[in-house]
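What follows is one structure encoded as structure tokens, with my remarks underneath.
The values are calculated or read from the model by the stated rules, or taken from the named source; none is laboratory data. Bear in mind that the values here come from a model prediction, so they are computed numbers and not experimental data. With ideal geometry, Cβ positions are generated from the backbone for all residues, glycine too; neighbour counts draw on all protein chains shown. For the accessible areas, the whole protein counts, side chains as well, though only heavy atoms, and no ligand, DNA or RNA atoms are used. Shrake-Rupley method; radii C 1.70, N 1.55, O 1.52, S 1.80 Å.
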Amino acid sequence: MNIAVVGAQWGDEGKGKLIDILSKDTDLTVRYQGGNNAGHTVVVGDQEYVFHLLPSAILHKSKVCVIGNGVVVDPKALLGEIEDLQKRGLKITPNNLKISGLCHIVLPYHRILDGLRESKRKNKIGTTGRGIGPCYADKVARCGIRMIDLLNPRLLKSKLEDNLTEKNEIFEKVYGKKNFSFGDIYNEYLNYGKKLGPYVADTVIYLNAAIDKKKSILFEGAQGTFLDIDFGTYPFVTSSNSIVGGACSGTGVPPTKIDKVIACVKAYTTRVGEGPFPTEFSTGLKEDIRTRGNEYGATTGRPRRCGWFDSILVRYSLIINGVSELAIMKLDVLDHLPAIKICTAYRYKGKIYKQFPMDFEVLSKAQPIYEELPGWNTSLRGIRQYAKLPSNARRYIERFEELLKVRVKYISIGTKRDEIIVR
Ligand code: IMO
Ligand code: MG
């Protein structure tokens with residue numbers, strides 16, 4: 001069975017942990033969009049691993065990990081990630097890691113432009129500063145440089161020369177910055193090409209051949225539905241399709257081959273960066289949940305904004321992603337609360353909204369309407385069976401199922417690999 005895992009909120013839902021668990025039973029795991037703006041955390045014993053470009057399944061020895069064509073690769077970051085893991089004793093070789101030759105490459109001017117654009121904007125997005133937006137913009141503008149180009153010195157030279165002619169003029173005239181040296185970038189990236197070359201493969205053929213041989217694939221989404229370039233809280237989004245549709249364009253595997261979609265949500269809501277967030281806490285709960293949930297960005301270390309669970313958002317995600325099952329993560333973070341709220345509608349100018357509004361102003365100014373459920377007021381630590389959960393915790397989960405009309409299959413009750421309930 002080929003399974004896709006997507007985030008149904010604003011990212012950081014716990015996809016890394018779920019992928020780590022599910023990938024035990026699948027043959028291959030493939031990332032399909034985003035880049036090293038992602039931060040997927042897996043905790044094994046007392047060891048914590050954070051993956052940015054590598055699929056979270058890389059911890060399993062016999063599994064193959066693939067970086068699909070839809071991912072934008074910063075080669076310096078990727079090599080750093082590979083080296084760090086090798087130092088920690090993991091084997092990463094061309095046998096267990098394949099990178100699509102069609103991946104677009106993040107160049108120094110993308111990273112710098114990301115920061116400069118942010119500093120000039122009145123309405124800041126709060127990007128991760130990894131050059132992701134400018135890299136995808138160049139892909140669409142048809143001036144991107146792809147992984148396969150790093151293996152071809154003549155092509156790289158010609159593309160880079162063309163790009164720098166334009167970029168240097170922009171940097172100088174718009175931002176008053178100094179020119180990039182062709183030689184420096186060319187030599188640096190040729191060198192990355194030499195190092196990454198052995199991993200580069202035609203992953204479209206590789207993945208589809210694997211499917212023909214009845215191997216199973218796990219698609220690892222990055223970011224979340226409300227950071228999707230089309231369906232998210234635009235313009236406060238990332239620059240790729242983080243919905244399940246991105247899994248097809250980002251790997252070359254056709255939609256007919258994806259058998260199941262699992263959406264990952266937090267038992268509450270978080271968001272890093274700017275943009276509307278109707279259920280954001282305004283009280284002391286903000287710090288309380290941030291501390292208990294360790295809600296700091298795994299990529300940038302920024303404190304995450306926290307709020308109540310928003311069923312309006314997640315219902316919309318379930319529609320877009322055709323979700324078969326839900327995974328609720330970090331339920332234990334709510335252990336101490338006497339009462340827990342779920343947003344079931346928004347109110348704006350006297351009108352009630354039960355669907356995610358298209359109008360940005362409505363979303364930004366909407367007042368959430370909540371229903372309140374009693375908390376369970378006890379630790380969930382050590383519980384492995386659904387029936388053993390306190391009745392109020394089960395009530396919370398079952399209310400999700402009623403509101404969202406989807407089955408909750410996985411419930412995470414701690415950071416560690418085995419702290420999960422499978423129903
Ligand atoms: P994972 O995969 C949470 C957010 C940034 C910013 C917006 C645009 O760990 O869930 P970008 O650098 O992508 O142009 O920034 O998107 N963002 C994420 N937020 N989790 C992520 O990834 C994110 N990747 C990007 O904070 O608001
Ligand atoms: Mg993250």
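Report, by residue number, each residue of region 24-39 that is away from ligand 1 (no atom under 16 Å from the Cβ), in contact with a strand residue (DSSP E or B) (Cβ under 7 Å, 6 or more places away or on another chain) and not in a loop (DSSP other than H, G, I, E, B).
Result: Leu28, single match.
Every residue, every condition in (1) surrounded by fewer than 24 Cβ atoms within 10 Å (Cβ to Cβ); (2) more than 14 Å from ligand 2 (Cβ to nearest atom), yes or no:
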position: Met1; (1), (2): yes, yes
position: Asp20; (1), (2): no, no
position: Tyr32; (1), (2): no, yes
position: Ala38; (1), (2): no, no
position: Gly68; (1), (2): no, yes
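Within region 365-391, work out how many residues are part of a loop (DSSP other than H, G, I, E, B), closer than 30 Å to Gln355 by Cα and aliphatic (A, V, I, L, M).
Matching residues across region 365-391 total 1.
I need the helices (runs of 4 or more DSSP H) fully contained in region 189-301, keeping only those with at least 1 residues that are more than 27 Å from Ser23 (Cβ to Cβ), open to solvent by 60 Å² or more (accessible area, probe 1.4 Å) and at pLDDT 95 or above.
Hits in region 189-301: 285-292.
Can you tell me which residues in region 303-324 are in contact (Cβ under 8 Å) with a residue 60 or more places away in the chain and open to solvent by 10 Å² or more (accessible area, probe 1.4 Å)?
The answer is Arg304, Trp308, Arg315, Tyr316, Leu318, Ile320, Gly322, Val323, Ser324.
Would a scan of region 340-356 turn up a residue that is within 30 Å of Asp114 (Cα to Cα) and not aromatic (Phe, Trp, Tyr)?
no
What is the number of the single condition among (1) under 22 Å from Ser239 (Cβ atoms); (2) open to solvent by 80 Å² or more (accessible area, probe 1.4 Å) that Gly131 does not meet?
Condition not satisfied by Gly131: (2).
So in region 163-218, with the set limited to residues that are among the hydroxyl-bearing types (Ser, Thr, Tyr) and within 23 Å of Val244 (Cα to Cα), which one is farthest from the chain's Cα centre (by Cα)?
Out of the qualifying residues, it is Tyr206.
Could you grab the pairs with beta carbons closer than 7 Å, sequence gap of 6+ or different chains, first residue in region 20-36 and not assigned by TED's automatic domain parsing to the domain that holds Tyr410, second one away from ligand 2 (no atom under 14 Å from the Cβ) and among the aromatic types (Phe, Trp, Tyr)?
Close Cβ pairs satisfying both conditions: Val30/Phe219; Tyr32/Phe219.
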